[in-house]
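These notes concern the structure reproduced below.
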Amino acid sequence: MPMTLHINGETHQVDADPRTPLLWILRDKLQLTGTKYGCGESFCGACTVHLDGKPVTACRIKLKSAVGKQITTIEGLNSRVGEQVKRSWLELNVAQCGYCQSGQIMAATALLERNPSPADEDINEALEENICRCGTYLRIRQAIKHAAQKLA
Ligand code: FES
Ligand code: FES
């Protein structure tokens, strides 16, 4: 029986095994491929999305657990904070290969939504599960602080 998902302000009917990870629903059924597959084990953060405003790894969330929640992916990240984070990312040329960056942006936005002026330790803690194999951590931190300043 199809289940209803609320994603980026739109409603989708999805017919799949309720145990399917949300990540596969987003990518394979709905073509929301901005959310990336890295490890599939909730270790890398590449698949970070927001569930009711909180950052979660979509590879860990089962379809049935996402029903009734507001899901936001990088494609629908258009809050004031999210827009500024994206602008700061571009302005500071954060991305290298780019693969991890949608997850980083989702995690950074969730951080700034709850803490408008994060210290280094806050950033480290909030993004500790978002791995960047290209090592863009310094620019990520700079971009978060840049966004915080612009939003203040
Ligand atoms: S793919 Fe989900 S945390 Fe790595
Ligand atoms: S920019 Fe390449 S993995 Fe992060």
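Would you point out the residue of region 25-72, among those that are more than 9 Å from ligand 1 (Cβ to nearest atom) and basic (Lys, Arg), that is nearest to the chain's Cα centre (by Cα)?
Here the residue is 54.
Have a look at 17, 28, 52 and point out the one that is under 22 Å from residue 115 (Cα atoms) and acidic (Asp, Glu).
52
Determine whether residue 131 is within 16 Å of ligand 2 (Cβ to nearest atom), within 13 Å of the chain's Cα centre (by Cα) and either in contact (Cβ under 8 Å) with a residue 24 or more places away in the chain or not in a loop (DSSP other than H, G, I, E, B) (or both).
yes
Rundown of residues vs (1) over 18 Å from residue 104 (Cα atoms); (2) outside the structural domain of residue 143 (by TED's automatic domain parsing), yes/no style:
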{"residue": "13", "(1), (2)": "yes, yes"}
{"residue": "31", "(1), (2)": "yes, yes"}
{"residue": "38", "(1), (2)": "no, yes"}
{"residue": "42", "(1), (2)": "no, yes"}
{"residue": "52", "(1), (2)": "no, yes"}
{"residue": "57", "(1), (2)": "no, yes"}
{"residue": "60", "(1), (2)": "no, yes"}
{"residue": "65", "(1), (2)": "yes, yes"}
{"residue": "89", "(1), (2)": "no, no"}
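Does residue 121 satisfy the condition of being free of Cβ contacts under 8 Å to residues at least 12 places away in the same chain, part of a helix (DSSP H, G or I) and either touching a strand residue (DSSP E or B) at 6+ places or on another chain (Cβ under 9 Å) or away from ligand 1 (no atom under 16 Å from the Cβ) (or both)? Outline the logic, then answer.
Details: free of Cβ contacts under 8 Å to residues at least 12 places away in the same chain: yes; part of a helix (DSSP H, G or I): yes; either touching a strand residue (DSSP E or B) at 6+ places or on another chain (Cβ under 9 Å) or away from ligand 1 (no atom under 16 Å from the Cβ) (or both): yes.
Yes: the conditions hold for residue 121.
Does any residue of region 109-124 turn out to be closer than 17 Å to residue 77 by Cβ, surrounded by 15 or more Cβ atoms within 10 Å (Cβ to Cβ) and of a type in the set (Ser, Thr, Tyr)?
Within region 109-124, one or more residues are closer than 17 Å to residue 77 by Cβ, surrounded by 15 or more Cβ atoms within 10 Å (Cβ to Cβ) and of a type in the set (Ser, Thr, Tyr).
Could you count how many residues in region 88-134 are hydroxyl-bearing (Ser, Thr, Tyr) and more than 17 Å from residue 54 (Cβ to Cβ)? First the steps, then the outcome.
Step one: filter region 88-134 for residues hydroxyl-bearing (Ser, Thr, Tyr), giving 88, 99, 102, 109, 117.
Narrowing further to those that are more than 17 Å from residue 54 (Cβ to Cβ): 88, 99, 117.
Adding up the residues that qualify gives 3.
Out of region 34-64, which residues are within 16 Å of ligand 2 (Cβ to nearest atom), assigned to a loop (DSSP other than H, G, I, E, B) and polar (S, T, N, Q)?
Scanning region 34-64 gives a single hit, 35.
The values are calculated or read from the model by the stated rules, or taken from the named source; none is laboratory data. Since the model is a prediction, treat every value here as computed from it, not as a measurement. Glycine gets a Cβ as well: all are built from the backbone with ideal geometry, and neighbour counts include every protein chain shown.
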